[in-house]
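To start, the structure itself, in structure tokens.
Since every read-out is calculated from the coordinates, none of them should be taken as a lab result. As the structure is a prediction and not an experimental result, all values here were calculated from the model. Don't worry about glycine lacking a Cβ; one is built from the backbone with ideal geometry, like all the others, and counts go over all protein chains shown.
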């Protein structure tokens, strides 16, 4: 079968030292045949719950750091864009452009990102059905420059399920794959509890690996995790992150599971 | 009691003729003592379901039209912004700035809009609880320039309730009022059926007035409606709009209801 | 217009003294022309969260008390049934039979209750759409004995909205009225927070009157409230009840509102 | 690891011939070491959407058939009860008693079933959180006769997710296992679309195996499927059933997956 695409990193860029500490683990994982790793970090957290929350180094410093991580590690990189005019410059540095879930219906942002010719990873809005993502795909496909092989993948990261809670409708994985595009499962943000911490977003790390296993069993093409050597020190999403020291063994287990699922699919004919 | 704030208009700007046809009705309504009317129209529909959908005249032409409507009618005007760098120029023309529901957590957009010194109408995200809007209020209040009396109001426009359907949690009206800000009820968008028309958003006009009545009964400070002389010709939301010829009598009924509710509150002491 | 049907009482039967204390207030309200009052109390709370929770006096003692309340007060009475074989005996004492929301799809219970020839008040399941209640109506109408003028009314009491929370979709009132039957709004149970108290169901009394106002504005035919002279001493639902001393003035306000709504409807033609 | 518990059968009892045709396949599967099979069929569908829908042979004929299936096949059997007074007689024939999801909070039904001394399989109500099922467990544990080793298992079968749709919150599997009881995943009913067929409940068979795989990946102890040689001829749930000819290979794949998951858990230590 196809190698798993693994998108991982520290949520938000903090220091080159931290980034390379994480990238070193990812490089080691990337040596396997059954996985392709992309380093992900945000330069700006543009929709934090509160004004006082830390946001990141900004686009200039952030892209400089991402470029350096890419060069030092040899890994492709990705980050998320929030405004249409950020797309072109991000496209010059990164190999994959991520569109945040809240912004999945902003036409200009999708178009600007698609115009870079780089592939996109669009997160399904918490307020959208898997089937609604068809129109996102069409917006991108209707924009991508000619003679450009890039495309779009769609990401399940949880759907609104009453105030302060998300649910993963695991059917979204085959439903979005049926749109003809690869699907990413974002295990880290799926376990967010919006507003759960009063002025910040809570989470539940113990559910990350079980949900990732379920996503692999449902046929996801890619997984997205945040990891950090000291999750409790991360400026955001610390409650959902996999500790860096546990990351490689977690990935090992998920790749073992994926191998069996591929065999099952082959035998199911 | 306080006069009702009535925000109304044709959804998207089409022609000056259409705008003034609607504004004429609003001017007549505005002569009453118990209502203050604001003319609303969008210059750009930035998150249409599909790429092919019509979007509007754009910001330059749109603001020119809004300015002219304001001058000819004497009504204050409002429109929605989608990007931070649109805020300043919109603030020079309009009297109230609307933040779309999908963008209610985009910090830079809220800050740029608040920096104009004009009051904001922030729609509650379909993925947010009424209580979560506290952080939106704090983002605006933490930004508004000193010696500036403007503020923020919050708008109930429906919450995600399973794929393709919204629900109005009417408790959101008193819950958001308890944050110390006026609350708007957007009857038009509350009856949207996202994705309900295949590549467009459907709706259900018959529920608009009943829901507006319920919102008045729950104590809303403001109502928002879209109206059009020929709703079926509107580039968007036609299925939810009140026909212009029925608009004034609808408002009459709602104002009569509001008067009784004020009396009830006074007697409840 | 039609008088409002007001269903009210102490939730569960405790003592004759308590029942008559409440019934006395209801009798006074019932003297008005614009309201018809039915006394409601349960003889058994058959689905309490925990095994240890108090349940009530049981069917024999409970029906004896209901009969006596009816005779002493002159009010019609209603109670809820949980098993098909309870229907016949309840039908001999009560004037209206209530079907609990969790049991709204239990065919045998609906049929047994309909066979009594008494009208039914079926609560919409928290897991059902307003449109789904069409099949409930058909089950009853397909059963009611010939030459029997009784019928069915449907009750909105909140719909599942994420774990531990209900939402009132106020559109359910006109949608269920469109099925050709009267609609009841149960303001007391709509504000339950299932599981909210750990081993019991919580609530939020402040929302009871605002939601009842909204329901009147949406055209409800009937209202259902629980009331108690000391809500904090009620074996269940105390957090949602209207204190008895505030009950009559609450009803006064709602009847004033209903009068205006009827005038609005008449003028809307 | 523990063998998988596999609960399977034809939904509702039709004929001995059909039951034995299905039981023969189950007996063959039951010869494996890694699975224990229980034959399940209902004697009455007590909450069909419409009055006209077929319900089954009734309790007397149904229990006679279940007893005969058990004797001929050697398989343990299970069925669902709807009224407290059905429990004792069902407990004399069946090895496991199933409580329907709509009835998961009916205290008397749970108590009567627990009093039989047979283990219970209680379906989580579509309106309940996984954590709410703690009180169900306590109701059963507070009732089970002394010196009786039987217990309770809890079943995930989908949660209300907007009108006409269920979602599987896969987190419910580890959350209910954390209550100290085995968890069943009912793949067949999870893909129901309530009201989806107008007067009947629709479904989506293609999602059955993917969801079952996800449940195995999340650590479910048991799986529940309906199967039929000609699903389109089943009186109910045909749209969700696995065709009998595909059943054994489906189970084979799920057991292969479960084996790897057990190894992953062992290595995760």
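Miscellaneous remarks
- Of the residues B:37, B:183, B:167, the one that moves most in a GNM of chain B with alpha-carbon contacts below 10 Å is B:167.
- Gyration tensor (alpha-carbon) shape descriptor, the protein assembly as shown, a/c threshold 1.5: oblate
- Per-residue average of Cβ from other chains inside 10 Å of B:133-142: 3
- Among the residues of C:257-264, the average count of other protein chain beta-carbon atoms within 10 Å of the residue beta-carbon is 4.
- Antiparallel DSSP beta bridges within chain B, percent to nearest 5: 10 percent
- Divide the volume of the convex hull around the Cα atoms of the stretch A:68-154 by the residue count and you get 91 Å³ per residue.
- Relative intensity of the stretch A:48-196 on a log10 scale, I(q)/I(0) at q = 0.08, 0.16, 0.20 Å⁻¹, equals -0.23, -0.92, -1.30, per a Debye sum over C-alpha point scatterers of equal strength in the absence of solvent.
- Using a Gaussian network model of chain A in which every pair of alpha carbons under 10 angstrom is joined by a spring, one finds that among A:221, A:33, A:169 the greatest mean-square fluctuation is at A:33.
- When only alpha carbons are used to place a centre, the stretch C:36-78 and the stretch A:20-95 end up 65 Å from one another.
- Placing a label point 7 Å from Cα along the Cα-to-Cβ axis, residue A:145 is separated from the same position in the other copies by 4.1, 8.0, 8.3 nm, shortest listed first.
- Percent antiparallel among DSSP beta bridges (both partners in the protein assembly as shown, rounded to 5): 10 percent
- Take residue A:92, move 7 Å from Cα toward the beta carbon, and the resulting point lies 2.9, 8.5, 9.0 nm from the same point in each other copy, nearest first.
- Neighbouring partner chain Cβ atoms per residue of C:207-219, average, 10 Å criterion: 6
- Near-label residues of the stretch D:21-55 by backbone N, under 16 Å of a point 7 Å along Cα→Cβ of residue D:2: D:34-38
- Shape category assigned to chain C from the gyration tensor of Cα positions, a/c cut at 1.5: rounded
- By the beta-carbon count within 10 Å of each Cβ, the least crowded to most crowded order of A:115, D:65, fewest first, is A:115, D:65.
- Nm distances between copies for residue C:193, ranked from closest, using label points 7 Å along Cα→Cβ: 1.3, 3.4, 3.6
- For chain B, calculated [θ]222 nm from helices alone, where every DSSP H run of n ≥ 4 adds -39500 (n - 2.57): -11500 deg cm²/dmol
- The stretch D:104-145: C-alpha gyration tensor shape, a/c 1.5 cut-off, then a/b vs b/c: prolate
- Identity and axial distance of the chain A residue whose Cβ lies nearest the axis relating A to C, Å: A:162, 1
- Legend: ranking of residues A:157, A:177 from fewest to most surrounding C-beta atoms inside 10 Å; resulting order A:177, A:157.
- Largest mean-square fluctuation among B:162, B:203, B:125, in a Gaussian network model of chain B whose springs join Cα atoms under 10 Å apart, belongs to B:162.
- Working from label points 7 Å from Cα in the Cα-to-Cβ sense, the residue A:179 to residue D:92 distance is 5.8 nm.
- Alpha-carbon centroid distance for the pair the stretch B:116-153 / the stretch C:118-147, whole angstrom: 45 Å
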